[in-house]
Amino acid sequence: MATSAHTIAAPARATTVAAGATLRRKQGFQHGGWFVAPFLLLFALFVIWPLLRGVYLSFTDANITGEGASFVGLDNYREALDDPLVWDSLGHSAYFTLLVVPCITVLAFLLAMLAHHIERGTWLWRLCFFAPFLLPSTVAANLWQWLFNPGTGMIDHVFGLDTPWLTDKSYAMLALVITTLWWTVGFSFLLYLAALQGIPDHLYEAARLDGANAWHRMIHITLPMLRNITGLVIALQVLASLQVFDQAVVMMDFLPGPEGSTRTFVQYTLEEGFTSYRVGYASAISVIFFVIIAAVALARMWLLRNREESAR
């Protein structure tokens, strides 16, 4: 009889424990929901609603006043696909991305290696490498606009040059790239430095005992251990570079640059919406750009998932 009683009581206790756990999860969700609610409200108000509103406007011929808009279907999208300025500005953004991403990835890695291995004044080196990232975009752009000023700028004065950095289409994009590298490399540098500090020292000690020199240790230990952070840096930089706007607009005095050579996709969207007052057409361009950015982000997630599955 005792064995039978225990056999009957065990499922009852399990059921009671499961019911208690379910109740605690429900209570935890209810209490946690109040903490998450303000964020969800602001997210819906400032992200979801503008996104849905923009998609709706992309199917209309709305102007900047928002009055008298009529439904035009896919006309805005057809016009955007046939608009040469859309493709030119997208090409400028892609070209800028191709220049910036490899340079900033390599430069951030080298600076992190230097700051990680230097023994004296470590804090000063880290501060110097990261400090430019703390500047507002307008400050960084105005600073480099003065440095690139032909004839009177510090760069031409120091190196004895007379290069039309901001007035010649052959140099304008290069000036934007240099400015962006100096201004934003600090963030990627910080990511690499944190990852370097997380690599166990015993791996390097074992490699030294096996006779591996500094080059072999970097190739076979450092770089493989930084593979994930390198993928993150590249993904973040690609998304940020495709959306370049601030430095391009400020350095070119709110103009599209010499012969439109620095007109980016975001800048062209702004011109159509707030200069030409074609809000509906600008919304369609924005939706197209959103799809491109989402495709890049999803491709990154897909590659990362495949890499993790292949590593198992």
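The values are calculated or read from the model by the stated rules, or taken from the named source; none is laboratory data. Predicted model, so just to flag it, every value in this text is computed and none were measured. Positions of Cβ are generated from backbone atoms using ideal geometry, with glycine treated the same way; all protein chains shown enter the neighbour counts. Accessible surface is based on the protein model in full, side chains and every heavy atom, while ligands, DNA and RNA are left aside. Shrake-Rupley method; radii C 1.70, N 1.55, O 1.52, S 1.80 Å.
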Cα centroid separation, segment 222-283 to segment 111-152 (Å)
21
Kirkwood Rh, segment 99-140, all Cα pairs: how many Å?
11.5
Stretched out fully, how many nm does the piece from N228 to S276 gain, at 0.36 nm a residue minus the Cα gap?
12.9 nm
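Looking at segment 194-294, which trypsin sites (Lys or Arg not before Pro) are in a loop (DSSP not H, G, I, E or B) and have at most 12 other Cβ atoms within 10 Å?
Numbers: sites: R208, R217, R227, R263, R278; in loops: R263.
Hits after loop and neighbour filter: nothing returned.
Before anything else, pin down the relative contact order of the chain: Cα pairs under 8 Å, at least 6 apart, normalised by residue count, whole percent.
Reported relative contact order: 27 percent.
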Could you give the C-alpha radius of gyration of segment 67-124 expressed as a fraction of 2.2 N^0.38 Å, taking N as the number of residues it contains?
2.21
In Å and from the alpha-carbon atoms only, list the Rg and Dmax of segment 247-312.
17.3, 54
Rounded to two decimals, what is Rg over Rh for segment 193-264 when you use alpha-carbon atoms and the Kirkwood radius?
1.32
Using only the Cα atoms of the chain, what semi-axes does the equivalent ellipsoid have when each is the square root of 5 times a gyration tensor eigenvalue? Give whole Å, largest first.
45, 37, 18
With only alpha-carbon atoms counted, please give the Rg and Dmax of segment 229-271, in Å.
12.4, 38
For the chain, the per residue accessible area (1.4 Å probe, Å²) is 62
